[in-house]
Every structure is written in C-alpha cells, then in structure tokens.
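Comments concern the structure below.
The numbers here are math on the coordinates, done by the rules we state, and not lab data. From a predicted model like this one, the values you see are computed outputs, not experimental measurements. We place every Cβ from the backbone using ideal geometry, glycine too, and count neighbours over all the protein chains shown.
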Amino acid sequence: EDQVTQSPEALRLQEGESSSLNCSYTVSGLRGLFWYRQDPGKGPEFLFTLYSAGEEKEKERLKATLTKKESFLHITAPKPEDSATYLCAVQEGGGSEKLVFGKGTKLTVNP
Amino acid sequence: SAVISQKPSRDICQRGTSLTIQCQVDSQVTMMFWYRQQPGQSLTLIATANQGSEATYESGFVIDKFPISRPNLTFSTLTVSNMSPEDSSIYLCSGRTGNTEAFFGQGTRLTVV
C-alpha cells in the first residue's frame, strides 16, 4: 500500500480558475510533509513544509494546509507559469531521515 | 537553501558499462540521498549516502549495482554498474540537514543503449 497518494494525477485549468491538489498519507508519527514543484528536465524545487495538523503556509498564489490524514495545495487564480508537476513527500516518525514521495499531480494552466 | 551541482547532466551509455554521477553541495549537509525517477513517475529512493561509512540501501537496490561514496559532508557519487536498458532513468541527488527541507540537484538523464 502506498504511503503517499496524490490526486488527481493530472489537472487542466484555465488561467484564473482556482483549484486544489490533494495528498493523503498513511505514515505514523508524521514528522513533516513537504510540497515540491518540478518542471520538466529539472530537479524538484522546494515549496512548503508542514509539521502539524492545522498548519497553513502561503506563497504567492499557493497555499498549503495539513490535517491528520491529508494535505491540500490550493492554487488561487493560477497563471500558465504555474504549470508543473507538484510532488508531495512525507517524513515518518521513528528516526528515519528519508522522504517518501507521492507520484505527483501534473498541473497544466491554459491561457 | 544550499545548491547542489550534479554532473553529468545527461549521458548515453553502452550496455554493460558503468557511469559515475557526482554531486557537490556548496555547504555541509548532514544527509545526502540518491533517487531514481523513471519517465512520468515520482522519485524512488535508492539509498542514503552516509559520510565515512557504507550507504544504506532501500529494498530492491544493492551495493554491487549502485555503489555509493561519500568521502565528506559536501560530496557524493553514485555509480550505476553493468548497465542495461532498464537502468535508463533520471538520477537525482538530494541534501538535507536535520528536519529542514531536502534540496535537489538538477538530475542526470541516463540512456542505456
């Protein structure tokens, strides 16, 4: 069973059409949930870290929220330059330092 | 955050040969990791590179196939040995200190022919 599940796999939006991406996780003792953006041919670029349920972080048109079972990445009034694959990763408890990644959501924003 | 320089950025290799990928971080980091990302897929952790000791490999990855070195806190190498077309993928290195975010190199796109 996947520890990190992202949905939808792909999302097409019109410029200005707000939406949300979902990341659900099943790890125990969550130590951190991370959102990344990945453009084609590049390494993932860090966006946010969330540590506890109820926490929210914002950056420009993006806002990340966290509950005990899932995280949402809200995109408000997206622009074509927001097109990318958005990856979610979790660090579980127990002393492990590694991150477990979901399969990502490929976002396309049409002008 | 720190910057990772990864090289080569891409390579085309003959089956049966080996390729060594290098990652240099511009500051000391506690942890370094190596990931594989197959086309259209997410990141799969290969191993954690431990400074001064043997790497810790994830299930399905073995040292003979993916030997890793980490001689100091800013540098690591991953070798893909005895390559086959199934090894064609993007390989990414990552650095992290404590519970902060992990940051990534630009990746090495490997094609085995």
Given the conditions (1) farther than 26 Å from B:Ala2 by Cβ; (2) among the basic types (Lys, Arg); (3) surrounded by 14 or more Cβ atoms within 10 Å (Cβ to Cβ), every one holds for A:Lys69 apart from (3)
Among the residues of the range A:9-62, write down those that are assigned to a loop (DSSP other than H, G, I, E, B), within 14 Å of A:Thr105 (Cα to Cα) and touching a strand residue (DSSP E or B) at 6+ places or on another chain (Cβ under 6 Å).
A:Asp39, A:Pro44
Looking at the range B:9-46, which of the residues that are under 17 Å from B:Gly105 (Cβ atoms) and free of Cβ contacts under 8 Å to residues at least 24 places away in the same chain is surrounded by the fewest Cβ atoms within 10 Å (Cβ to Cβ)?
B:Thr44
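Condition check ((1) within 20 Å of A:Glu97 (Cβ to Cβ); (2) among the aromatic types (Phe, Trp, Tyr); (3) outside any loop (DSSP other than H, G, I, E, B)) across all residues:
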position: B:Ala2; (1), (2), (3): yes, no, no
position: B:Ile12; (1), (2), (3): no, no, yes
position: B:Cys23; (1), (2), (3): yes, no, yes
position: B:Val29; (1), (2), (3): yes, no, no
position: B:Phe33; (1), (2), (3): yes, yes, yes
position: B:Gly40; (1), (2), (3): no, no, no
position: B:Thr44; (1), (2), (3): yes, no, yes
